[in-house]
1. Tally up the residues in segment 132-147 that are buried (at least 19 other Cβ atoms within 10 Å of the Cβ) and either in contact with a strand residue (DSSP E or B) (Cβ under 7 Å, 6 or more places away or on another chain) or among the small types (Gly, Ala, Ser) (or both), please.
2. Can you spot a residue in segment 343-364 that is without any contact (Cβ under 8 Å) to a residue 60 or more places away in the chain, β-branched (Val, Ile, Thr) and either in contact with a Pro (Cβ under 8 Å, 6 or more places away or on another chain) or within 15 Å of Ser278 (Cα to Cα) (or both)?
3. Starting from segment 160-174, take each residue that is basic (Lys, Arg) and list its partners that are at pLDDT below 95, counting only C-beta distances under 9 angstrom and pairs at least six apart or across chains.
4. Would you check if there is a residue in segment 58-71 being of a type in the set (D, E, K, R) and on the phi > 0 side of the Ramachandran plot?
5. One residue is enough: does segment 302-317 have a residue meeting the conditions of a type in the set (Ser, Thr, Tyr), under 18 Å from Phe57 (Cβ atoms) and not in a helix (DSSP H, G or I)?
6. Would you confirm whether any residue within segment 338-359 is on the phi > 0 side of the Ramachandran plot and of a type outside the set (Ser, Thr, Tyr)?
7. Go through the residues of segment 25-36 one by one and say whether even a single one is part of a helix (DSSP H, G or I), in contact (Cβ under 8 Å) with a residue 40 or more places away in the chain and surrounded by fewer than 24 Cβ atoms within 10 Å (Cβ to Cβ).
8. Please tell me if Arg60 is farther than 17 Å from Ser249 by Cβ, in contact with a Phe, Trp or Tyr (Cβ under 8 Å, 6 or more places away or on another chain) and outside any loop (DSSP other than H, G, I, E, B).
Amino acid sequence: MTLQEGFRKVLEIGRPPNVQKLFPNSHALLVSGKVIDRALTAKGKAMTIAANGRSNFVIRGALQAAQRADATIIIEIARSESTYCPVNFYNIARQVDAACNELGITVPVAIHADHYGIKKVEDIPYARMEIPSMFEAGITSIAIDASHMPDDQNLLANLELNQFIPAWAGLETEVGEIKGNEGLSTVEDASFLIKGLNAHGISADWIALNNGSVHGIEASGQGIQVQLTAEIHKALEPYGVSGAQHGTSGNSSERLREIAGLTRTTKANVATALQMVSWGVNVNDYGNAILDAQGNLQKVKGEGVSEETWEKMLAYAESKGWRGGNFKNLNLPMDTLLHGQTRAVRERMCRRVEDFVYNILVHVFNAQGTASIAREIILAAGSMDLGKKADRRENPADWTKEKIIERAGTLNVNAGPQGNFED
């Protein structure tokens, strides 16, 4: 079988049914998140970027980087980002598919709905309706984030909503968000969530922890707790779950290499850094913007947006009183202006993202070559559905609603103030 014949076969069998229905004539290899995770796991000591596609420029640049590195990639958007970005759950798949076809992207790409937040029980009825609609719009992977609620309600929300997630789709779950920056996740509470899901026949592909992933912590010297992460992942190994790393901003490349090499993490979210890079803002090794003496962002002349556009962006932000992290709110109102720039400027915006992401994929995350691995996995399976990562180990009778509530009351967890660490 030639490479071209092999790709045609992967394209034929590797795309989920929702993707096939939406894009029947597409040559974009949009796949389940399971495919991405399995490829990284097969390579070992590797993870890939889950690029938060806050703009079309970020999406295009990240895809080009993955193609250049022969790396699998995840393009995602969080629920909160949809309120201040032109990209949302309902157009992200269409943007990725169009870019892949235009740019000749052949690497496997998952479309991930990140941080689908359930912050109270009253959020569940709407989620029952919306989740199927998101998959109809091309989502191939989802993170159910009920971690703002107590452990029992977190697990029960995951159980309630799983019936609305296709069995073939990638699944991420999360624990520890409610504890804030003074209460890290533990083996006990992470095991509670994963074991409870397993008892009901649910095998999560990823678990996101509060493992020190608080944004903007470069100055404090804190950051992702590698040993804690490795300990929790080791305890969960029988359940086949991989790690999803949130809050990479504020952690050096060396710290992120340790996460890839010493833990079972296969997915690492990168959000704000990509936005800043596309605009031409100078960022350091931690992915944080470099500020001048007055605390202002430093724009690199001749990179990212044009100088004229940058001045308009600064003026708009000033009129709204936006500074620092609130610059993210520029994505939506500035989108038309950004697309109206010359082709040369638009292309350099994408190219800057490409170079940044390529460096991460190859020199930090060890993701190179995983696209070829993923395509082989699909061919070997003969299907876009790779099945569960682990069989049922827990007794369902021990994990009824009543017993879940009872068990949660005995957990010894490091409760801290409520946090909000969305990427």
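1. Result for segment 132-147: 11.
2. yes
3. Correct list of pairs: empty, since none qualify.
4. Within segment 58-71, one or more residues are of a type in the set (D, E, K, R) and on the phi > 0 side of the Ramachandran plot.
5. Checked segment 302-317: at least one residue is of a type in the set (Ser, Thr, Tyr), under 18 Å from Phe57 (Cβ atoms) and not in a helix (DSSP H, G or I).
6. Within segment 338-359 (the criterion being on the phi > 0 side of the Ramachandran plot and of a type outside the set (Ser, Thr, Tyr)), the answer is no, since none of the residues qualifies.
7. no
8. no
The values are calculated or read from the model by the stated rules, or taken from the named source; none is laboratory data. Source: prediction; values computed, not measured. Positions of Cβ are backbone-derived with ideal geometry, glycine not excepted, and every protein chain shown enters the neighbour counts.
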